[in-house]
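These notes concern the structure reproduced below.
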Amino acid sequence: MPDDSDTNLQATATTDSNLSSTPIATREQALQNLRNSLRQGQQSMADWQGGELAVSAVPGAGKSTGMAIAAAIAIARYQLHSRRQLLVVTFTRSAAASIKTKIRKHLNTLLLPRNSFVVYTLHGLALNIANRHPDLSGINLESTTIVTANRSHRLIRACVEQWIAANPRRYSTLLEGLSFDGEETERLRRQSVLRTEVLPELAYMVIHEAKSSGLLPEELWKLAQETGDGYEIMAVAAGLYQQYQRTARSRDTIDYDDMILAALRVLSNNAARKLWQNQYFAVFEDEAQDSTPLQSQLLQTLAIDPNQPNKAPNLIRVGDPNQAINSTFTPADPIYFNRFCEQCHQNQRLATMNQAGRSCQIIIDAANFVLNWVNSSGLTGNQLAFRPQDIRPVNNNDPQTNPQPEGRGLEIYHPRDIYHTVELIGKRVLELFERNPKHQAAVLVRENRQGRFIAEQLEFLQRQHGIEVYDVAHNERHSHVPIEILKLLKFIDRPHSPNCLKAALEVLVKRQLIATQDLNAIATSPEQFLYPGPLDSPQTPTVRNAASYCRRLLRARLELPHYQLISFLALSLNYDQSELATVEKLAERVTKQTHGNSSMTTTLLTIKEIVSSERFEAVEVENTKETENTNSLEENSRRLTIITMHKAKGLDWDYVFIPFLHEDTLPGSPWVPTAAQFLGEFTLAEVARAQIRASLHEQPLPMAPEAWKQAGYLKTAEEFRLLYVAMTRAKRLLWISAAAQAPFRWNTFSGKGDNLQPKKPCPVLPALESKFLYQ
């Protein structure tokens, strides 16, 4: 039977015999009052009486509030208990904890058993099912390690090297590219690009995309026969996927997609499937737009009544496809939830939650305008970026009335440059907090480097005006300290390894200690780079500076004992006070774990273990905060939060600033890294993903050029949805800008005013101005 002691998400059981003793009439009235407290769209969930129901919601419509009340009503209506429960599934642990609290509050009020429901994340649910039946799932957590196999993970690296060794002909074709004159330095450079960038990216993308959709390597081999290109991209992808599976099995490791597959293996057994289907009366899913095909299959299987297998599953799926902002880096695709909505619409089982009380009217109008403008622009090809669904304000008698705007409620600027942008933000923040000190404000950025730049420029707000500037990404950057230290130590230990040299150079570029340059060309000949001879070609100033920096690191190995190298590297990387505190914590940890056997080798092994097995918590020297609960951070007044658009989803502020809205960033376009352009004007990973998705969508498989074009449409659609999410975080004021001059690329920007060039605004900005500001 399912575990009733889940420490994170399952409702705590109770033995209170009075929970079900409340009079029926009193409870019915309380249930009716709960139902009547909901808006029309929310009431569709409360009125649910079995079967499938799709609920398409808009931002701020109160999805979790409606689901929590609907869950309490369903538990009461169907008299659920510990052996017949409601299963609630959501996307993140924080969301799961939040909705569990809301449901339990209603159950306490209604005096209903608190063990009548469980709340899980999708992966938590899958792991629970798989772990209860190790003989059926093939997973034994006592001997198996769960990994998150990112592009640089050792599993990915190992499968790439093994594939290269087993496929010399295909590797040689990739090495040759569009053309190749046989020059040795260029050959070594291309080898470095393929081994460390192109093939790991292809492996990661395909493994994640195919596995989460239920595709086996054998099925990719079949797809390879339907596509024709000089590189045999799908055949390369299938080979990497196959090699990854073998390597993972040999090392007793699984990833998060394996957990879903393992749970489905359990449910393919008749007895086990009936056991779980009898346990769960119905499934309520939140954030359904982010589910993959396999995850949807898992939930639909659990929602079937084993006594009536031909009847529609008891399944409510709630989501907003217009807030699907993960599909370019996860296998999630809003097409699946949209299809579910259309299927339910045909059966008159589609509800719409289109009223929201979060934002003032002009912000709602601006968000609706962007949605409709993008859909009619043709910028996303034949596929609509958004589900046609406008946001509507709440009724006058709604407890949550739409707020009044601050000024006009929508402000659009075109500053001279990025410095002028931050100057304008600072002035506006001071004005707003002077009038309304208890209101909350945030700057939403597209990437963390933008946020860091803004935080540095607005530091005076804290010092001169007592307004805290809180950069949410600050803690996360500190947690990467062990990775950076490990990469530099590995280089110091093995300076003639091309891989170790390249990894160290990447850290120095990221920390802006050396200039951005072609690291693959440098890394192919470490000795020539570090100690050029008189017959070698003269080094450029940027290469000479990088070599000098690396030689200083190597001298430290000769002049310092190994146990002082960590502190030396921290100072060399110009870490700030908090980062230095994190390094001190890391050094203490290493000293304890290597006590009695301290050496360079044991130091490297210890840090490698820390990096690969856990998230190393950073140290804050002032104002230590819990970044996991971002909502609680916003309860403090006079704080300007700086956060990425992605992390802002699910949050809101009175005033929202969205700077740097430039065409090359949003929507941007897919681009081929300069180092990989010898393969052509596309990337292997994006082509393979577009072909896999076409197969899953039952569409003709595109050839490489068309697949690359489709990848561009996918990115454009998602970037506009991301802008829509960012705009709908604002309650009273939405402040948008696109500076006339900005960095060519933010990840190479030094923050010193150099590298600025003219920029075009995001194409929707002129249309917004024409609609709202020029009337």
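Mind checking whether some residue in the range 165-177 is among the polar types (S, T, N, Q) and in contact with a helix residue (DSSP H, G or I) (Cβ under 8 Å, 6 or more places away or on another chain)?
The answer is yes, given that some residue of the range 165-177 is among the polar types (S, T, N, Q) and in contact with a helix residue (DSSP H, G or I) (Cβ under 8 Å, 6 or more places away or on another chain).
List the helices (runs of 4 or more DSSP H) that sit entirely inside the range 657-775 and contain at least 2 residues that are under 30 Å from G426 (Cα atoms) and modelled with pLDDT of 95 or more.
Filter on the range 657-775 gives 704-727, 764-772.
What's the total number of residues in the range 312-347 that are open to solvent by less than 10 Å² (accessible area, probe 1.4 Å) and part of a loop (DSSP other than H, G, I, E, B)?
The total comes to 6.
Select from the range 259-305 the residues that are farther than 21 Å from G319 by Cβ and of a type in the set (D, E, K, R) and list them in ascending order.
Of everything in the range 259-305, those that are farther than 21 Å from G319 by Cβ and of a type in the set (D, E, K, R) turn out to be R265, R273, K274, D305.
Name the residues in the range 368-386 that are assigned to a helix (DSSP H, G or I) and over 11 Å from V764 (Cβ atoms), would you?
Narrowing the range 368-386 to residues assigned to a helix (DSSP H, G or I): 368-377.
N368, N375, S376, listed by residue number.
Note down all Cβ pairs under 6 Å where the first residue falls in the range 306-327 and is closer than 15 Å to L87 by Cβ, the second is of a type in the set (K, R) and open to solvent by 30 Å² or more (accessible area, probe 1.4 Å), and they're at least six residues apart or on different chains.
Within 6 Å, the pairs are P306/K274; V318/K63.
Say whether the condition of being touching a residue at least 12 places away in the same chain (Cβ under 8 Å), open to solvent by less than 30 Å² (accessible area, probe 1.4 Å) and under 30 Å from Y336 (Cα atoms) is met by at least one residue in the range 396-412.
no
Residues G228, G214: which one is part of a loop (DSSP other than H, G, I, E, B) and surrounded by 15 or more Cβ atoms within 10 Å (Cβ to Cβ)? First the steps, then the outcome.
Values: G228 fails: surrounded by 15 or more Cβ atoms within 10 Å (Cβ to Cβ).
So the residue among G228, G214 that is part of a loop (DSSP other than H, G, I, E, B) and surrounded by 15 or more Cβ atoms within 10 Å (Cβ to Cβ) is G214.
Would you point out which residue out of N131, N36 is out of contact with any Gly (no Cβ under 7 Å at 6 or more places or on another chain), crowded, with 17+ Cβ neighbours inside 10 Å and free of Cβ contacts under 8 Å to residues at least 12 places away in the same chain? Don't jump to the end; show me each part of the working.
On the way: N36 fails: crowded, with 17+ Cβ neighbours inside 10 Å.
Checking each option against the conditions leaves just N131.
Testing V88 on (1) touching a strand residue (DSSP E or B) at 6+ places or on another chain (Cβ under 7 Å); (2) assigned to a helix (DSSP H, G or I), one condition comes back false. Which one is that?
Answer for V88: the failing condition is (2).
Of all residues in the range 158-200, which are within 15 Å of Q243 (Cβ to Cβ), buried (at least 18 other Cβ atoms within 10 Å of the Cβ) and charged (D, E, K, R)?
Of everything in the range 158-200, just one residue is within 15 Å of Q243 (Cβ to Cβ), buried (at least 18 other Cβ atoms within 10 Å of the Cβ) and charged (D, E, K, R), namely R195.
Of everything in the range 516-543 that's touching a residue at least 40 places away in the same chain (Cβ under 8 Å) and open to solvent by 30 Å² or more (accessible area, probe 1.4 Å), which residue is farthest from E186 (Cα to Cα)?
T516
Working only within the range 432-450, note down all residues that are within 25 Å of the chain's Cα centre (by Cα) and surrounded by fewer than 22 Cβ atoms within 10 Å (Cβ to Cβ).
Result: E447, N448, R449.
Please specify each residue of the range 298-341 satisfying the condition of being modelled with pLDDT of 90 or more, in contact with an Asp or Glu (Cβ under 8 Å, 6 or more places away or on another chain) and among the polar types (S, T, N, Q).
N314, the sole residue that qualifies.
Across the range 582-600, which residue is least open to solvent (accessible area, probe 1.4 Å) among those that are closer than 20 Å to A556 by Cβ and outside any helix (DSSP H, G or I)?
T594
I'd like to verify a number: residues in the range 348-388 that are under 24 Å from L696 (Cα atoms) and open to solvent by 70 Å² or more (accessible area, probe 1.4 Å), how many?
Result for the range 348-388: 4.
What are the residues in the range 488-497 that are buried (at least 21 other Cβ atoms within 10 Å of the Cβ) and either closer than 21 Å to V193 by Cβ or small (G, A, S) (or both), if any?
Start the filter on the range 488-497 by keeping residues that are buried (at least 21 other Cβ atoms within 10 Å of the Cβ), which leaves 488-489, 491-492.
Once the filter is applied, which keeps residues that are buried (at least 21 other Cβ atoms within 10 Å of the Cβ) and either closer than 21 Å to V193 by Cβ or small (G, A, S) (or both), the range 488-497 yields only F491.
Does L486 count as part of a helix (DSSP H, G or I) and closer than 28 Å to N448 by Cβ?
Numbers: part of a helix (DSSP H, G or I): yes; closer than 28 Å to N448 by Cβ: yes.
When the stated conditions are applied, L486 passes them.
Looking at V206, V193, V236, can you tell me which residue is assigned to a helix (DSSP H, G or I), over 27 Å from R265 (Cβ atoms), hydrophobic (A, V, I, L, M, F, W, C) and modelled with pLDDT under 95?
Going through V206, V193, V236 in turn, just one is assigned to a helix (DSSP H, G or I), over 27 Å from R265 (Cβ atoms), hydrophobic (A, V, I, L, M, F, W, C) and modelled with pLDDT under 95: V193.
Conditions first: (1) open to solvent by less than 60 Å² (accessible area, probe 1.4 Å); (2) within 37 Å of the chain's Cα centre (by Cα); (3) within 19 Å of K487 (Cβ to Cβ); (4) in contact (Cβ under 8 Å) with a residue 60 or more places away in the chain. A556 passes all but one, so which condition is the exception?
Only one criterion is unmet by A556, namely (2).
The rows are residues; the columns are (1) in contact (Cβ under 8 Å) with a residue 40 or more places away in the chain; (2) under 21 Å from E197 (Cα atoms); (3) open to solvent by less than 70 Å² (accessible area, probe 1.4 Å); (4) out of contact with any Gly (no Cβ under 7 Å at 6 or more places or on another chain).
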{"position": "F678", "(1), (2), (3), (4)": "yes, yes, yes, no"}
{"position": "Q691", "(1), (2), (3), (4)": "yes, yes, yes, yes"}
{"position": "K709", "(1), (2), (3), (4)": "yes, no, no, yes"}
{"position": "Y724", "(1), (2), (3), (4)": "yes, no, yes, yes"}
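What pairs come out if I take residues in the range 215-229 that are on the phi < 0 side of the Ramachandran plot and at pLDDT 90 or above and pair them with residues that are outside any loop (DSSP other than H, G, I, E, B) and open to solvent by 20 Å² or more (accessible area, probe 1.4 Å) whose C-beta lies under 6 Å away, six or more apart or interchain?
P217/Q242; L223/S695
Determine which single condition Q404 fails, assuming it passes every other condition in (1) part of a loop (DSSP other than H, G, I, E, B); (2) within 30 Å of the chain's Cα centre (by Cα).
Among (1) part of a loop (DSSP other than H, G, I, E, B); (2) within 30 Å of the chain's Cα centre (by Cα), Q404 violates only (2).
Going by the conditions given, is A272 more than 30 Å from E201 (Cα to Cα), at pLDDT 90 or above and in a helix (DSSP H, G or I)?
Yes, satisfied.
Can you confirm whether A442 is touching a residue at least 24 places away in the same chain (Cβ under 8 Å), within 30 Å of C762 (Cα to Cα) and part of a loop (DSSP other than H, G, I, E, B)?
Answer is no for this residue.
Can you tell me which residues in the range 40-70 are touching an Asp or Glu at 6+ places or on another chain (Cβ under 7 Å) and open to solvent by 30 Å² or more (accessible area, probe 1.4 Å)?
K63, S64
Exactly one of these conditions fails for C500: (1) over 20 Å from I642 (Cα atoms); (2) open to solvent by less than 40 Å² (accessible area, probe 1.4 Å); (3) in contact (Cβ under 8 Å) with a residue 40 or more places away in the chain; (4) out of contact with any Pro (no Cβ under 6 Å at 6 or more places or on another chain). Give me its number.
(3)
The values are calculated or read from the model by the stated rules, or taken from the named source; none is laboratory data. Note that the structure is predicted; figures quoted are calculated from it, not measured. Counting neighbours? That spans all protein chains shown, and the Cβs are built from the backbone with ideal geometry, glycine included. Heavy atoms of the whole protein, side chains included, go into the accessibility calculation; ligands, DNA and RNA do not. Shrake-Rupley method; radii C 1.70, N 1.55, O 1.52, S 1.80 Å.
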